[in-house]
Amino acid sequence: MTDAGNEALRVDGRVAAKAVRARLKGEVEALRAETGESPGLAVVLVGDDPASAIYVRHKVRACEKVGIRSLSHVLPAATTQEALLTLLDSLNADPAVDGILVQLPLPGHIDADTVIARVALDKDVDGFALGNLGALAAGRPGLVACTPAGVLEMLTRTAETLGEPLSGKHAVVIGRSVTVGKPMALLLLQANCTVTVCHSRTVDTAKHTRAADIVVAAAGRPELVRGDWVKPGAWVIDVGIHRRADGGLCGDVHADEVRQVAAALSPVPGGVGPMTIAMLLDNTVRAFRSRRGLAQPESA
Ligand code: GUN
């Protein structure tokens, strides 16, 4: 892996996301030529959470870059759950809509599980619906949650750069959320890794990470993973993003320490975040194809 004293390879999510978008732009052009249509993503934002508004803006802008039509539905915070479900019913029935994304979190009076369950499975580009999670667990085709899909893409690129396969590696995922940790573990299993999942009740998480070839940190705890938690030469992907007291950003990994030990480390910001959005676009193009019975390309 790295020579002693070398810093870790930077697993740059902005570069990887740009490559994914370039591929998708070509695919969208080819699909338009073939079908006369282009993929459409409906983005639903309820309320005025400023962070959510920024995320949604990034998603809409990313759609424009690759030729995906985006249709924004911005609803007031007082929107009733019934009104939101009615909107979802109409988006489910609209043939021009291939993907539906309901930005989370939702206002407190709306039950997110009920809303997610209402999105048609073949338009669930967040991959949060139970049917899509179940398909992933069973190794069947379906839409995979964007953050873990992006992390897998980053690890695949790292494996290519460093000339080592993912298959057979011991991966430790820190975090067991339904949106990141659990689907991440399932994707790594599918890539033939041996997978350990650590969480808030794990006794001595560092003991597990020190034995890992790959660490995916998705604990939601600032700078949890220290340099002495990581085996020399390991690959570390940081899913966390936190605002520090001094105003700067940090992840779940203590980057200054881990960079000295790992063979590869994703930065925060500019790591997993851009890849999450790129995989949302990828899911939208996948949904467009599968809804029309078109085969998915081998490389995608
Ligand atoms: N809020 C924060 N991350 C996400 C995401 O990946 N999808 C949705 N729908 N909402 C989010």
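Tabulated data for the structure shown
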{"quantity": "Helices (runs of 4 or more DSSP H) wholly inside the range 135-222 that include at least 1 residues being in contact with a Cys (Cβ under 6 Å, 6 or more places away or on another chain)", "calculated": "205-209"}
{"quantity": "Filter result for Asp124 (within 16 Å of the ligand (Cβ to nearest atom) and either crowded, with 19+ Cβ neighbours inside 10 Å or of a type in the set (Val, Ile, Thr) (or both))", "calculated": "yes"}
{"quantity": "Residue match in the range 39-47 (condition: of a type outside the set (Lys, Arg), surrounded by fewer than 18 Cβ atoms within 10 Å (Cβ to Cβ) and modelled with pLDDT of 95 or more)", "calculated": "no"}
{"quantity": "Test result for Ala145, modelled with pLDDT of 95 or more, surrounded by 17 or more Cβ atoms within 10 Å (Cβ to Cβ) and in contact with a strand residue (DSSP E or B) (Cβ under 7 Å, 6 or more places away or on another chain)", "calculated": "no"}
{"quantity": "Of all residues in the range 273-282 being among the hydrophobic types (A, V, I, L, M, F, W, C) and in contact with a Gly (Cβ under 6 Å, 6 or more places away or on another chain), the one that is farthest from Val15 (Cα to Cα)", "calculated": "Met279"}
{"quantity": "Val261 being surrounded by 15 or more Cβ atoms within 10 Å (Cβ to Cβ), closer than 27 Å to Asn132 by Cα and in contact with a helix residue (DSSP H, G or I) (Cβ under 8 Å, 6 or more places away or on another chain)", "calculated": "no"}
{"quantity": "Residue in the range 269-280 that is touching a Pro at 6+ places or on another chain (Cβ under 9 Å), of a type outside the set (Lys, Arg), surrounded by fewer than 24 Cβ atoms within 10 Å (Cβ to Cβ) and part of a loop (DSSP other than H, G, I, E, B) present", "calculated": "no"}
{"quantity": "Matching residues in the range 92-121 - criterion: being within 14 Å of the ligand (Cβ to nearest atom) and among the β-branched types (Val, Ile, Thr)", "calculated": "Ile100, Val102, Ile110, Val115, Ile116, Val119"}
{"quantity": "All positions within the range 1-17 that are without any contact (Cβ under 8 Å) to a residue 24 or more places away in the chain and charged (D, E, K, R)", "calculated": "Asp3"}
{"quantity": "Condition check for Ser70: among the hydroxyl-bearing types (Ser, Thr, Tyr) and farther than 27 Å from Ala219 by Cα", "calculated": "yes"}
{"quantity": "Residue, farthest from the ligand (Cβ to nearest atom), within the range 135-145, restricted to residues that are touching a residue at least 60 places away in the same chain (Cβ under 8 Å) and more than 18 Å from Arg176 (Cβ to Cβ)", "calculated": "Pro141"}
{"quantity": "Given (1) touching a residue at least 40 places away in the same chain (Cβ under 8 Å); (2) crowded, with 20+ Cβ neighbours inside 10 Å; (3) of a type outside the set (S, T, N, Q), index of the condition Gly233 fails", "calculated": "(2)"}
{"quantity": "Candidates Glu34, Glu29, Glu82, Glu64 - the one that is in a helix (DSSP H, G or I), more than 16 Å from the ligand (Cβ to nearest atom) and surrounded by 13 or more Cβ atoms within 10 Å (Cβ to Cβ)", "calculated": "Glu29"}
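The values are calculated or read from the model by the stated rules, or taken from the named source; none is laboratory data. It should be emphasised that the depicted structure is a prediction, and the values quoted were computed from it without experimental measurement. Here Cβ is always computed from backbone atoms with ideal geometry, including for glycine, and neighbour counts include all displayed protein chains.
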